[in-house]
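Here's the structure we're looking at; comments come further down.
The values are calculated or read from the model by the stated rules, or taken from the named source; none is laboratory data. Source: prediction; values computed, not measured. Cβ atoms come from the backbone with ideal geometry, glycine included; neighbour counts cover every protein chain shown.
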Amino acid sequence: MDTKTEQNLAASMTADTTVIIPYLAYLLQDFWELGSSPDDMVELLADHVPAGERQRALDLGCGKGAVAIALAKRLAMRVKGIDAIPEFIGQARSAAIREGVSDRCSFEIGDITVRVLSETGYDCTVYGAVGPVLGEPEAMLAALRKTLRNGGHLLLDDAYANDDDTAAPYPTLDAWNSLFENAGFEIVACRPSTDSATDYDKEMGWIAQRVDELSSMHPEQADLFAHYLKAQRGEYDELLNDIVGATWLLRARSHR
Ligand SMILES: C[S@@+](CC[C@H](N)C(=O)[O-])C[C@H]1O[C@@H](n2cnc3c(N)ncnc32)[C@H](O)[C@@H]1O
């Protein structure tokens, strides 16, 4: 993986340094969902896409497989998940066995910036809270569009800036709508996140505990872990105040 891709991987986990990467599996061991809401994704597909049109899915940056396994278990979909962190893929494989869907799920260690170029023809692609890894929104949407067959669906978890907040580095909802249109997608549905301050407090508690433990084990890296904790708090504050997390269901129009 090249340096830029590693930096983007760190950024996808709200970290500004790649030095944190070897510690992410430890820091996030209490989490099963690493960003996206499996419930929202399952319900969006169940409500809007007939079963026959959503059989094969690709989950890029699948983390521990929370979304992929939910799609396999609750919607009987066949899902391939790809993630760069080997521990996450190991946990996803174990979870698929535990949940009785290992025949419908496969999980692979891989770099999605490379794999996105050759994975094609899916009914559904999931890009859940992976952020800047595939580039700016235009490039990201173009790359994701190519993984889908005509009429296939993209489940995208990202965020939009509140209209009156020009400081946030996220597109507004209107700007996202234009980006989708220009990339050849029609918007089927959009669900704003319902996560609350209480949810975030609980998750911050988990991370703070693991930061304490790691700081005792590696005192020379205590600043790194403290900085990571601060960045996580910053993201939660941003989600509560400046931006709105959302899951979109988008349909790929036929190429013109
Ligand atoms: C915030 S997590 C979201 C995980 C999952 N989609 C979810 O919502 O639970 C971002 C994920 O993207 C993965 N990732 C980031 N850059 C990657 C890359 N270049 N190749 C593969 N996976 C990558 C990270 O390892 C991490 O698991």
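A few comments on the model shown:
- Here the condition is being in the same structural domain as P50 (by TED's automatic domain parsing), surrounded by fewer than 19 Cβ atoms within 10 Å (Cβ to Cβ) and either in contact with a helix residue (DSSP H, G or I) (Cβ under 9 Å, 6 or more places away or on another chain) or within 25 Å of D47 (Cα to Cα) (or both); of D163, D201, D158, it holds for D163 alone.
- Among (1) within 24 Å of C190 (Cβ to Cβ); (2) at pLDDT 95 or above; (3) within 14 Å of the chain's Cα centre (by Cα); (4) among the β-branched types (V, I, T) - the single one T14 does not satisfy: (2)
- Close Cβ contacts (under 6 Å, 6 or more residues apart or on different chains) running from residues in the stretch 97-126 that are under 24 Å from D2 (Cα atoms) and assigned by TED's automatic domain parsing to the domain that holds L141 to residues that are at pLDDT 95 or above and of a type in the set (K, R) comprise F107/R93.
- Single residue of G52, G100, G81, G90 found to be within 10 Å of the ligand (Cβ to nearest atom) and not charged (D, E, K, R): G81
- Checked against (1) in contact (Cβ under 8 Å) with a residue 12 or more places away in the chain; (2) of a type in the set (D, E, K, R); (3) closer than 26 Å to M41 by Cβ; (4) outside the structural domain of A15 (by TED's automatic domain parsing), R149 passes all but a single condition, namely (4).
- Check on R115, away from the ligand (no atom under 12 Å from the Cβ) and either surrounded by 15 or more Cβ atoms within 10 Å (Cβ to Cβ) or among the polar types (S, T, N, Q) (or both): no
- Within the stretch 118-160, the set of residues being touching a strand residue (DSSP E or B) at 6+ places or on another chain (Cβ under 6 Å), away from the ligand (no atom under 16 Å from the Cβ) and assigned to a loop (DSSP other than H, G, I, E, B) comprises G121 only.
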